[in-house]
Every structure is written in structure tokens, then in C-alpha cells.
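Asks: Once you've had a glance at the structure underneath, I'll fire off some questions.
The values are calculated or read from the model by the stated rules, or taken from the named source; none is laboratory data. These numbers were taken from a predicted model, which means no experiment stands behind them. Because the Cβ atoms are built from the backbone with ideal geometry, glycine has one as well, and the counts that use them run over all protein chains shown.
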Amino acid sequence: MTRAVKAFMDKTDKLKVLFGPANRGDTAAPVVHQHDDYEHASEDDLAGFEVETDSHGHHYAVRKTDLWKEEV
């Protein structure tokens, strides 16, 4: 083991005392994702946009209220 690796391992051992051991949990268990109020607000805001693609393949967002302006 090199001196740098040993120094790193010594630091992580000290941090383990402060933060506790690394706990990975069950890696085979599915991830439970719970939506909070901020995420619901973001989804509501994004629902007002439509994704458009130009002739070069670039994607951009257009407000759904502005779509009729493009057609004119």
C-alpha cells in the first residue's frame, strides 16, 4: 500500500467516526422515489411546455400558449 493510499484510508477511518460507517443498504431492493411539493410544482410548470425539434435535430421548449403564434 502506498503512502498516499494509507493516508487516504486513515482519513476515511477518522471520518467514519464522525459520519458513521457507509451503509449501502439492500442493492437489490427497488428505489422508492417520493415526490415532494417542490417536485410537484416543477412538474406543473413543465406541463406548460411542448418539446419541438427543428430541421437540424435541435430540441427546444415552446410554451403551449405560444404554439398558435408559430402557425400564423
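Asks: I need every pair where a residue in segment 19-37 that is within 19 Å of MET9 (Cβ to Cβ) has its Cβ under 8 Å from the Cβ of a residue that is surrounded by 10 or more Cβ atoms within 10 Å (Cβ to Cβ) and modelled with pLDDT of 80 or more, sequence separation at least 6 or different chains.
Replies: The qualifying pairs are ALA22/LYS16.
Asks: Same structure again: Before we move on, is ASP66 surrounded by 10 or more Cβ atoms within 10 Å (Cβ to Cβ) and modelled with pLDDT under 90?
Replies: yes
Conditions tested, residue by residue: (1) more than 23 Å from LYS64 (Cα to Cα); (2) surrounded by 10 or more Cβ atoms within 10 Å (Cβ to Cβ); (3) acidic (Asp, Glu).
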position: MET9; (1), (2), (3): yes, yes, no
position: ALA22; (1), (2), (3): yes, no, no
position: VAL31; (1), (2), (3): yes, no, no
position: GLN34; (1), (2), (3): yes, no, no
position: TYR38; (1), (2), (3): no, no, no
position: SER42; (1), (2), (3): no, yes, no
position: ASP45; (1), (2), (3): no, no, yes
position: GLU50; (1), (2), (3): no, yes, yes
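Asks: Would you mention how many residues in segment 15-72 are touching a strand residue (DSSP E or B) at 6+ places or on another chain (Cβ under 8 Å) and part of a loop (DSSP other than H, G, I, E, B)?
Replies: Selection size over segment 15-72: 2.
Asks: Going by what's in this entry, would ALA41 be described as under 19 Å from the mean Cα position of the chain (by Cα) and modelled with pLDDT of 90 or more?
Replies: On the way: under 19 Å from the mean Cα position of the chain (by Cα): yes; modelled with pLDDT of 90 or more: yes.
Yes; evaluated as a whole, the condition is true for this residue.
Asks: Filter segment 1-27 down to the residues that are at pLDDT 85 or above and over 30 Å from the mean Cα position of the chain (by Cα) and list them by number.
Replies: THR2, ARG3, ALA4, VAL5, LYS6, ALA7, ASP10
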